[in-house]
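Below you'll find the structure, written out as structure tokens, and then a few comments.
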Amino acid sequence: MNQAFARLLAAGISLFAATVATHVVQAADGVPPFAQQTPPPVPDYAKAESWAAGPNGLGAAAALPAGATPLAKDAVVDVFYVHPTTYRSKDRWNQDIADKAANDWTDASVIARQAGVFNGCCRIFAPRYRQGSTLSFTSMDGDGGKAFDLATSDVERAFDYYLTHYNNGRPFILASHSQGSFHLMRLLESRIDGTPLKGRMVAAYIIGVNLSVGDFPKTYKNLQICAKPAQTHCVVAWNALLPTANLDVILPMAERRYVQRHGDDAGKQLLCINPITFDADQPAATADKALGAVPGAPGEGGLQPLKVKSVAARCDRGELIVEPAAALDLQPLPGGSMHYHDYGLFYADIRANVKLRVDTFLKQVAGK
């Protein structure tokens, strides 16, 4: 992997943020190749402990910041949520889902802050899986890619188990971030696109990953981009960056996946739907339209109260350029990436949009 691509993966940034970082994540000396390192035990999704949320209820996804709409009662729609990279090992390729420290950090940093966005509309199912570790980002074209393949296999098995044992024919939403979105991109292709499940999928929020406009219909033959706020059976995506981010450097790396698969054409432009408007015809929004952001960094403790009208956002060349209020106290990653805040910046906006799509979907079903 070349150094420019490696810099992208530094400082805990997901591969899919496509943001330049200032130093390289280095593997520990003497780490065995993926093929020589015994993988963690295969998760058993019949066991409640294999889920961060689901069979035993919401868990950390029950978190609710002051100012948010209340928890759903008698929800008739589910969310299948896949979390981003939270396992920072430099000598293990994949996480053992029995690792309590990793699970506790996952719950505090993303299950509460991201999966919890959906607790106002839906039941939430969030599998624990053998995620690719920080080490995997050192060789995504080699052993790191194999670590991600292992993680994808878990996510697909968890989804299949959810469908068979918990879904009972209910409508569902797919949601994810970063590494989790990479796995759901694959799942959309292998399990949803061109299958009857598309008819039960309200929408897919595939956030913090490099989806391109041309993936529709080159990768996904039947799925469409969520171009309007109430549209259903569709996919929405964005990556948040500060105005200081250098798009001339970031975009060639971000578009690399599409170009390698489909060629260097106009479709390589990243998919950006502004999460304040959720309207492809309204790519820019001022802060007075923003419904509420979660202040502070992801981490331990309860979520701080929502702050309304605190972020402006606009799509520019496929990236979401954001201008958060200083009072939010949101720290960027190197290169101007707001990757850790892709959900928190738009907490109430996503929450309202999900309810709109769910209500629309249920009316469509009732009208048939």
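Just add up the charged neighbours of residue 338: K/R +1, D/E -1, any other residue whose Cβ is under 15 Å from the Cβ of residue 338.
Summing Lys/Arg as +1 and Asp/Glu as -1 gives -4.
Quick one: what are the phi-derived ³J(HN,Hα) couplings along the stretch 116-128, Karplus 6.51/-1.76/1.60 with θ = phi - 60°, whole Hz, x for glycine and proline?
x, 4, 8, 6, x, 10, 8, 6, 10, 10, 10, x, 7
Quick one: which residues, 5 or more positions from residue 94 or on another chain, have an amide H under 5 Å from its amide H? H modelled 1.01 Å from N in the peptide plane, none for Pro or chain starts.
Residues meeting the criterion, in which the H sits 1.01 Å from N, are 133.
Give me the accessible area per residue for the stretch 186-277, probe 1.4 Å, as a whole number in Å².
That works out to 36 Å² per residue.
Would you mind checking which residues have amide H under 5 Å from residue 124's amide H? H placed 1.01 Å from N; only 5 or more apart, or other chain.
Under 5 Å from the amide H of residue 124: 79.
How much accessible area does residue 279 have with a 1.4 Å probe, in Å² rounded to the nearest 10?
Accessible area of residue 279: about 20 Å².
With 25 Å as the limit, write out which pairs from 228/309; 198/289; 73/355; 307/363 have Cα-Cα distances beyond it, or answer none. Before the final figure, lay out the partial values.
Values: 228/309 22 Å; 198/289 31 Å; 73/355 13 Å; 307/363 32 Å.
Going by Cα-Cα distance, 198/289; 307/363 fall outside the 25 Å limit.
At a 1.4 Å probe radius, which order do 189, 49, 319 fall into by accessible area, largest first? All intermediate terms of the calculation are to be shown ahead of the outcome.
On the way: 189 70, 49 120, 319 0 Å².
Highest to lowest solvent-accessible surface, that is 49, 189, 319.
Taking 8 Å as the Cα distance limit and 6 or more residues as the minimum spacing, I'd like the relative contact order of the stretch 226-328 as a percentage.
Taking the mean separation of contacting Cα pairs over the length of the stretch 226-328, I get 30 percent.
Quick one: accessible surface of residue 360, probe radius 1.4 Å, all protein chains present, in square angstrom to the nearest 10.
30 Å²
What distance in nm separates the simple spin-label points at residue 88 and residue 218, each placed 7 Å from Cα in the Cβ direction?
3.7 nm
Any idea what the relative contact order of the chain is, in percent, if you count C-alpha pairs under 8 Å spaced at least 6 apart?
Working: 819 pairs, mean separation 67.4, N = 368.
Over the chain, the number comes to 18 percent.
Taking every Cα atom in the stretch 232-368, find the radius of gyration and the maximum pairwise distance Dmax, and write them in Å.
16.4, 50
Restricting to Cα pairs below 8 Å that are 6+ residues apart, what does the relative contact order work out to for the stretch 151-212? Please round to a whole percent.
Across the stretch 151-212, relative contact order equals 43 percent.
Quick check on the chain: of the DSSP beta bridges with both residues there, what percent are antiparallel, nearest 5%?
45 percent
Answer with one residue from 201, 332, 273: the one whose Cα lies farthest towards the positive end of the charge dipole of the chain, charges on Cβ with Lys, Arg +1 and Asp, Glu -1.
The residue sitting most towards the positive pole is 201.
Taking H placed 1.01 Å from N in the peptide plane, check which residues at least 5 places from residue 274 or on another chain put their amide H under 5 Å from its amide H.
Residues meeting the amide H criterion: 279.
Heavy-atom accessible area of residue 281 with all protein chains present, probe 1.4 Å, nearest 10 Å²?
110 Å²
Determine the dipole magnitude for the chain: charges of +1 sit on the beta-carbon of Lys and Arg, -1 on that of Asp and Glu, nothing else is charged, the reference point is the Cα centre, and the result goes in debye to the nearest 20.
Computed about the Cα centre, the dipole is about 820 debye.
Rounded to the nearest percent, how much of the accessible area of the stretch 167-309 (1.4 Å probe, protein heavy atoms only) is carbon and sulfur? Write out the running numbers ahead of the final one.
Values: 2880 of 5440 Å².
Percent of accessible area from carbon and sulfur atoms in the stretch 167-309: 53.
Taking N as the number of residues in the stretch 99-232, what value does Rg over Cα atoms divided by 2.2 N^0.38 Å take?
That works out to 1.07 for the stretch 99-232.
Once each part is reduced to its C-alpha centroid, what is the distance from the stretch 268-319 to the stretch 113-127 in angstrom?
18 Å
Write down, largest first, the equivalent ellipsoid semi-axes of the stretch 26-103 in whole Å, where each equals the square root of 5 times an eigenvalue of the alpha-carbon gyration tensor. Please report the intermediate quantities before stating the final value.
Values: eigenvalues 223, 51, 18 Å².
In descending order the semi-axes read 33, 16, 9 Å.
Could you please tell me the mean projected area of the C-alpha convex hull for the chain, averaged over all directions and given in square nanometres to one decimal?
Average projection, Cα convex hull of the chain: 16.9 nm².
The values are calculated or read from the model by the stated rules, or taken from the named source; none is laboratory data. Quick caveat: nothing in here was measured; it's all calculated off a predicted structure. As a convention, Cβ positions derive from the backbone with ideal geometry for all residues, glycine included, and neighbour counts pool all protein chains shown. With ligands, DNA and RNA removed, areas are computed over all heavy atoms of the protein, side chains included. Shrake-Rupley method; radii C 1.70, N 1.55, O 1.52, S 1.80 Å.
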